[in-house]
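Notes to accompany the following structure.
The values are calculated or read from the model by the stated rules, or taken from the named source; none is laboratory data. Fair warning: this is a prediction, and the values are worked out from it, not measured in the lab. Reconstructed Cβ throughout: ideal geometry from the backbone, glycine too, with neighbour counts over all protein chains shown. Ligands, DNA and RNA are excluded from the accessible area calculation, which covers all protein heavy atoms including side chains. Shrake-Rupley method; radii C 1.70, N 1.55, O 1.52, S 1.80 Å.
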Amino acid sequence: MIHCTGGKDRTGFVTAIIQLFLGVHYESVMMDYLYSNERMGPKMKKIEKFIRLMSLYRIPPERIKPMLEVRRDYLEGVLNEIMKQYGIEQYLLKGCCIPLSCLEPL
């Protein structure tokens, strides 16, 4: 199980990398990532209201929203860079220094 408070940033990234390594289709991975907006939407709306209140309403919603939601370009940007530099398996081996023995099936 992979878990964090919001489940969208580090967790979303790690989950996407694992899914891609296991051969899950790219668009399916992206749909799973974007699903966080639906699942976390109500919680993030409360956080947005809290931030606005604490800023005495000086911070407009459009400045807060990018921090509280996931967007396709967030994940695509990092995945494109990983694919350009390494590819998924090489990223895990070289970029993350995960031993090959950990990536082989049991």
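Please label the shape of the chain as rounded, prolate or oblate, based on the square roots a ≥ b ≥ c of the eigenvalues of the alpha-carbon gyration tensor (a/c under 1.5 means rounded; beyond that, a/b larger than b/c means prolate, else oblate).
On the way: a/c = 2.60, a/b = 2.39, b/c = 1.09.
Note, shape of the chain comes out prolate.
For the residue pair residue 51 and residue 35, what label-to-label distance in nm results when each label sits 7 Å from Cα along the Cα-to-beta-carbon direction?
Going by the 7 Å Cα→Cβ label model, 2.5 nm.
Using the beta-carbon distance between residue 83 and residue 59 and R0 = 35 Å, what value does 1/(1 + (r/R0)^6) give for FRET efficiency, to the nearest 0.05? Numbers along the way, then the final one.
Details: r = 35 Å, r/R0 = 1.00.
Computed FRET efficiency for residue 83 and residue 59: 0.50.
If you keep only loop residues by DSSP, which chymotrypsin sites (Phe, Trp or Tyr not before Pro) in the stretch 5-106 have at most 13 other Cβ atoms within 10 Å of their Cβ? Provide the component values of the computation, followed by the final result.
Details: sites: 13, 21, 26, 33, 35, 50, 57, 74, 86, 91; in loops: 57, 86.
Listed in order of number, the matching sites are 57.
Once you place label points 7 Å from the Cα toward the Cβ at residue 101 and residue 21, how far apart are they in nm?
According to this spin-label approximation, the distance is 1.6 nm.
Can you list the lysines whose alpha carbon is less than 28 Å from that of residue 43, not counting same-chain residues fewer than 8 positions off?
Those lysines meeting the cut-off are 8, 65.
Could you please state how large a percent of the accessible area of the chain is carbon and sulfur, counting protein chains only and using a 1.4 Å probe?
On the way: 4620 of 7670 Å².
Looking at the chain in its full context, I get 60 percent from C and S.
Starting from the Cα of residue 84, draw a straight line to each of the aspartates and glutamates and keep only those under 19 Å, dropping any in the same chain fewer than 8 residues away.
By straight Cα distance, residue 84 reaches 27, 73, 76.
Let me spell out the model: positive unit charges on the Cβ of Lys and Arg, negative unit charges on the Cβ of Asp and Glu, origin at the Cα centre of the chain. What dipole size does that give, in debye rounded to 20? Walk me through the intermediate numbers first.
Working: 15 positive and 12 negative charges, 154 e Å.
For this selection, approximately 740 debye.
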